[in-house]
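Asker: Take this structure first; my questions come after.
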Amino acid sequence: MELAKALEKRRSVKSYEPYDLDRETIYNLLDQAALSPSAWNLQQWKVIVVDTDEAKEKLYNAANKQIKIKESSATFIILGDLNAHETIGDIADDWIDHKHIPADKKSGLIQSVHQFFESDTNRRDEAIRGASLFAMSLMLVSEDAGLATCPMIGFDKQAVIDAFNIEDNLVPAMLISIGKGEMNNDRASRIPASAFAKFE
């Protein structure tokens with residue numbers, strides 16, 4: 001499917017039909033979404049895949065009892081990693097191997113990245129930003145695979161953290177349900193670019 005077509009077709013589906021989504025397919029979707037961009041290639045995203053009845057019940061209770069969590073094949077808990085910058089040494093080595101930077105630039109890169117992430121604001125902003133870029137890619141590759149999705153922010157963050165023993169360095173950014181379903185009503189209106197963009 002062409003990207004423009006996937007964007008046009010993608011809808012936030014609220015109701016799902018029974019569908020067994022195998023884990024190999026889920027891994028393939030996650031691998032495709034992981035091609036998303038991230039600052040310094042830190043790849044700040046982490047994902048918990050909720051696809052068992054027991055886990056769905058826990059998430060259902062932590063997410064305002066949204067029925068799509070139980071009806072969908074799975075729900076992704078999309079997390080941003082506040083400590084992703086700590087992997088910059090390995091990333092620098094990979095960049096050197098791929099000839100993105102010369103070896104003598106490694107220490108300067110590591111220093112500048114750690115300096116940037118001394119700010120708690122920068123750490124949180126980048127964690128949410130990276131996770132959100134990944135989440136949009138995940139919805140698009142799912143659409144391309146013939147699967148419906150719906151992003152959700154209606155959840156108790158602390159309840160989700162407690163229910164799934166999420167580490168302190170991981171920030172829940174959103175939930176995304178996935179499965180088989182469709183929206184048949186007309187798409188809500190979109191604000192045209194001429195109303196929200198300006199040229200300088």
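Asker: With the requirement that a residue be among the basic types (Lys, Arg) and within 20 Å of the chain's Cα centre (by Cα), what does region 171-200 give you?
Answerer: Let us first name the residues in region 171-200 that are among the basic types (Lys, Arg), namely 180, 187, 190, 198.
Correct list: Lys180 only.
Asker: Residues of region 1-27 being open to solvent by less than 100 Å² (accessible area, probe 1.4 Å) and without any contact (Cβ under 8 Å) to a residue 12 or more places away in the chain, which ones?
Answerer: Hits for region 1-27 are Ala4, Asp22.
Asker: Does region 31-61 hold any residues that are open to solvent by 80 Å² or more (accessible area, probe 1.4 Å) and either of a type in the set (Ser, Thr, Tyr) or within 13 Å of Met174 (Cα to Cα) (or both), and which are they?
Answerer: Within region 31-61, Lys46 is the sole residue that qualifies.
Asker: Report those helices (runs of 4 or more DSSP H) wholly inside region 95-200 carrying at least 1 residues which are within 26 Å of Ala62 (Cα to Cα). Outline the logic, then answer.
Answerer: On the way: elements: 106-116, 120-144, 157-163, 193-196.
Fully inside region 95-200 and qualifying: 120-144, 157-163.
Asker: Somewhere in region 16-33, is a residue of a type in the set (S, T, N, Q) and either within 18 Å of Ile153 (Cα to Cα) or not in a helix (DSSP H, G or I) (or both)? Before you say what the answer is, go through the steps one by one.
Answerer: Applying the first criterion (of a type in the set (S, T, N, Q)) to region 16-33 yields 25, 28, 32.
Going one step further and asking which of them are either within 18 Å of Ile153 (Cα to Cα) or not in a helix (DSSP H, G or I) (or both), we end up with none.
No: zero hits.
Asker: Something else: Does Glu57 satisfy the condition of being of a type in the set (Asp, Glu), closer than 16 Å to Gly130 by Cβ and part of a helix (DSSP H, G or I)? So that I can check it myself, show each step before the final result.
Answerer: Details: of a type in the set (Asp, Glu): yes; closer than 16 Å to Gly130 by Cβ: no; part of a helix (DSSP H, G or I): yes.
No, not satisfied.
Asker: For region 62-72, indicate whether the set of residues that are open to solvent by 40 Å² or more (accessible area, probe 1.4 Å) and either within 28 Å of Leu109 (Cα to Cα) or not in a loop (DSSP other than H, G, I, E, B) (or both) is non-empty.
Answerer: Yes, region 62-72 contains at least one residue that is open to solvent by 40 Å² or more (accessible area, probe 1.4 Å) and either within 28 Å of Leu109 (Cα to Cα) or not in a loop (DSSP other than H, G, I, E, B) (or both).
Asker: Of the residues that sit in region 84-104 and are under 23 Å from Leu170 (Cβ atoms) and open to solvent by less than 40 Å² (accessible area, probe 1.4 Å), which one is farthest from the chain's Cα centre (by Cα)?
Answerer: Going through the qualifying residues, I end up with Gly89.
The values are calculated or read from the model by the stated rules, or taken from the named source; none is laboratory data. Here the structure is a predicted model, which is why all the values come from computation and not from measurement. Methodologically, a virtual Cβ is constructed for each residue, glycine included, from the backbone with ideal geometry; neighbour enumeration extends over all protein chains shown. Note: areas computed on protein heavy atoms with side chains; ligands, DNA, RNA excluded. Shrake-Rupley method; radii C 1.70, N 1.55, O 1.52, S 1.80 Å.
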